Amino acid sequence: MAETKEKKGFRAGAYAVISGVLVAVVLVGITIFAFTSRYTAFSPDKVAQAYVDTIVQTGDGYNSYKNTLVSKNQKFGNFVINAYMAPYVNEDAPQAEFVGSGTEEEMAAIDEVYNTMYDYYLDLLNRYGLDNYDAVFSNYFAKLTEVRRTVYKDEYMDTEFMFGAFESNVSEYGKSLTGTAEEIAQDGKTVLQEKTTGTYQTMYGEDYRLTARVTDTTALSADEVSAYISEYKERISPIASSGEAKAAQFGLEDKTTEKKILFFTKKSSDNKKSDMIGAFDNLDCSDSIGAVDKCTVEVSLDDGTVVATQEVYVVQIGNSWYVDETNIDTSALYLAK
């Protein structure tokens, strides 16, 4: 959804304003994904396969984190909000007058923001890759705040706007790989998405199919698991302990405000500092790991050609398995780079 019709055959603004019904579809999709993830989590092979498949099919290293330790102690969306979005949220500021109008002016503003941020998203992918989510999220939301201020000429920001921009960029990158079919709006006339040829279709043929499968799984011994946990602790500690410094950098403080409504006093709490520190603290799962498996996942075409091989370490906590995102390099799964 990030590119204009001229660049990608898609109007982000038209899509956002005309197709509000798709919000319901997205919510259903999230529910299905959550159910599937819970089922998958009981099998180390399925967790590793789902993680690799999510990335290789559409270059979606973002949603792949829902299968990792990042999502063990908190929902991934909440982690992103508390750790990276919160400093920029400003829902008390007035919004541009055209917001919610559904006019061409609003659609043009959405297009401009999404297009600008899509180019920046690609730059972040090239510079850092989504393995380094800290760098990607930190830079992306800072830039988005600047871009909105320039385009909308207001100081408003909320998490819905931030998720909308970022997830549209993730989606658009995926479409650039897979290609797209023509999509018409509910009015029967407006072309939301033109038919395009994706990079993967150019590389592998129009009817290509990528299949990810686990070819080998090895369970680490008790001694190996103990050593692995120690190494994991060293890898995760720097970012898990960074919350307080990051909160101080943004000048975040916990505070309680009071507002009188008729004869009543309503108290509201702003715990952005504690929430940010907690979000990073929750990344450390070293005290809970009970087992570790090493999985090898191959990605192949229908003719058997192997296009990527990925080693994935999955760890067991309770009855569930998670990918250890601190011990992986997924660059080989971004086949178009």
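Data table
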| item | result |
| --- | --- |
| Where the chain is the region considered: accessible area per residue in Å², 1.4 Å probe | 50 |
| Value of relative contact order over region 163-214, rounded to a whole percent, pairs C-alpha under 8 Å and six or more apart | 29 |
| Cα principal axis extents for region 192-272, largest first, Å | 68, 56, 26 |
| Among 45-57, 264-276, 118-130, the order from most to least packed when residues are scored by Cβ within 10 Å on average | 45-57, 118-130, 264-276 |
| Compactness of region 162-231 - radius of gyration and Dmax, Cα, Å | 21.0, 65 |
| Protein accessible area in region 271-337, 1.4 Å probe - carbon and sulfur % | 35 |
| For region 99-187, the fraction of alpha-carbon pairs in successive 10 Å shells from zero, as % | 14, 46, 30, 10, 0 |
| Stokes-Einstein D for region 87-135, Kirkwood Rh over Cα pairs, 25 °C, 0.890 mPa s (µm²/s) | 185 |
| Inter-label distance for ASN126 and SER320, nm, one decimal - labels placed 7 Å from Cα along Cα-to-Cβ | 3.7 |
| Dipole axis of the chain (+1 Lys, Arg; -1 Asp, Glu on Cβ), positive-most option in PHE141, THR257, ASN67 | THR257 |
| Simple Cβ-charge dipole of region 264-337, Lys/Arg +1 and Asp/Glu -1, about Cα centre, in debye nearest 20 | 620 |
| D (Stokes-Einstein, µm²/s), Kirkwood Cα radius, region 42-146, 1.002 mPa s at 20 °C | 134 |
| Relative contact order (%) - region 91-188, alpha-carbon pairs under 8 angstrom, separation at least six | 38 |
| Electrostatic dipole magnitude of the chain [Cβ: Lys, Arg +1; Asp, Glu -1; Cα centre; debye, to 20] | 640 |
| Accessible surface of region 168-225, 1.4 Å probe, proportion on carbon and sulfur as whole % | 45 |
| Distance between modelled label sites at ARG235 and GLU105, nm, 7 Å Cα→Cβ extension | 5.1 |
| Given charges at Cβ of Lys, Arg, Asp, Glu: the chain dipole, positive-most of VAL297, GLN95, CYS285 | GLN95 |
| Net length gained if the chain between ALA291 and GLU167 were fully extended (0.36 nm per residue, minus Cα distance) | 41.3 nm |
| Helix-only CD estimate at 222 nm, as mean residue ellipticity for the chain, using -39500 (n - 2.57) per DSSP H run (n ≥ 4) | -15000 deg cm²/dmol |
| The chain - Rg over Rh from alpha carbon coordinates, Kirkwood radius | 0.99 |
| Which of MET85, VAL56, TYR208, positive extreme of dipole for the chain (C-beta unit charges) | MET85 |
| Two-site FRET efficiency, ASP303 against ILE261, from Cβ-Cβ distance with R₀ of 56 Å, rounded to 0.05 | 0.25 |
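The values are calculated or read from the model by the stated rules, or taken from the named source; none is laboratory data. Since the model is a prediction, treat every value here as computed from it, not as a measurement. Please note: Cβ atoms are built from the backbone with ideal geometry, for glycine as well, and neighbour counts cover all protein chains shown. Ligands, DNA and RNA are stripped out before the accessible areas are found, and what is left, the full protein with its side chains, is counted by its heavy atoms. Shrake-Rupley method; radii C 1.70, N 1.55, O 1.52, S 1.80 Å.
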